[in-house]
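Report on the following structure.
The values are calculated or read from the model by the stated rules, or taken from the named source; none is laboratory data. Fair warning: this is a prediction, and the values are worked out from it, not measured in the lab. In this analysis, Cβ positions are derived from the backbone assuming ideal geometry, glycine residues included, and neighbour counts consider all displayed protein chains. In case anyone asks, the SASA skips ligands and DNA or RNA and just uses the protein heavy atoms, side chains included. Shrake-Rupley method; radii C 1.70, N 1.55, O 1.52, S 1.80 Å.
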Amino acid sequence: MPELVYFVGVSLDGYIAGPDGEIDFLPLGPDFVEWLGTDYPETLPAHVHPHFGIAPGTPNRHFGSVVMGRATYQPGLDAGFPSPYPHLTQYVVSTTLTAAPAPDVRVVTDPKALVRELKANEERDIWLAGGGRLAAALLDEIDALVIKRYPVLAGAGIPVFAGEFRPTQWAPVHRRSFENGTQVSTFRRAG
């Protein structure tokens, strides 16, 4: 059965983006960029694939679909990329976006029902791309976390989980460090 994996970048103080959705403050070292392009190429928008050395037709390594909130989707849409991940089945969870801006993007309002449907019918894992409110709403459905922790403090912004106080235990299963101090840690539900 496919799993819902929250694959997300976060500052040392727990923010996935700045107050206005900024992510350009997250430092990307060269060895990390190489790893991302090699190990998780499908998590990069198609328009940046050439910059990461990802050849057209490179197969997805982990995910077959992506689920993202409206705030995660909007910057790409604003930049002229209504279908940022055409190599994945794309879902945008929104109550304000009434129609899909691209034919291969599906807008949904019930994220739990969507994830349960995908888990029952997909062959590959499902990438939960963000944001913090969506992750909190799907906490019970998340099977694994892949946290890219960058060596920077944001001070304020969008938290990795923006919901009610609900302590949930996770067990570390893998950690990798990069030259600039970035660490990628994989966790699975504990117990």
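Points to keep in mind about this one:
- Every condition in (1) at pLDDT 95 or above; (2) more than 24 Å from residue 159 (Cβ to Cβ) holds for residue 11 except the one numbered (2).
- Checking each residue of segment 29-51 against the condition of being small (Gly, Ala, Ser), open to solvent by less than 20 Å² (accessible area, probe 1.4 Å) and in contact with an Asp or Glu (Cβ under 9 Å, 6 or more places away or on another chain) gives at least one match.
- All conditions in (1) surrounded by 14 or more Cβ atoms within 10 Å (Cβ to Cβ); (2) assigned to a loop (DSSP other than H, G, I, E, B) hold for residue 126, with the sole exception of (2).
- Residue under evaluation residue 26, criteria (1) at pLDDT 95 or above; (2) assigned to a helix (DSSP H, G or I), criterion not met: (2)
- Filter result (touching a helix residue (DSSP H, G or I) at 6+ places or on another chain (Cβ under 8 Å) and modelled with pLDDT under 95) within segment 56-70: 56, 58
- Consider segment 164-191 and keep the residues that are of a type in the set (Gly, Ala, Ser) and open to solvent by less than 60 Å² (accessible area, probe 1.4 Å). The one that is farthest from residue 39 (Cα to Cα) is 190.
- Filtering segment 100-116 for residues that are closer than 17 Å to residue 72 by Cβ, open to solvent by 20 Å² or more (accessible area, probe 1.4 Å), among the aliphatic types (A, V, I, L, M) and more than 16 Å from the chain's Cα centre (by Cα) leaves a non-empty set.
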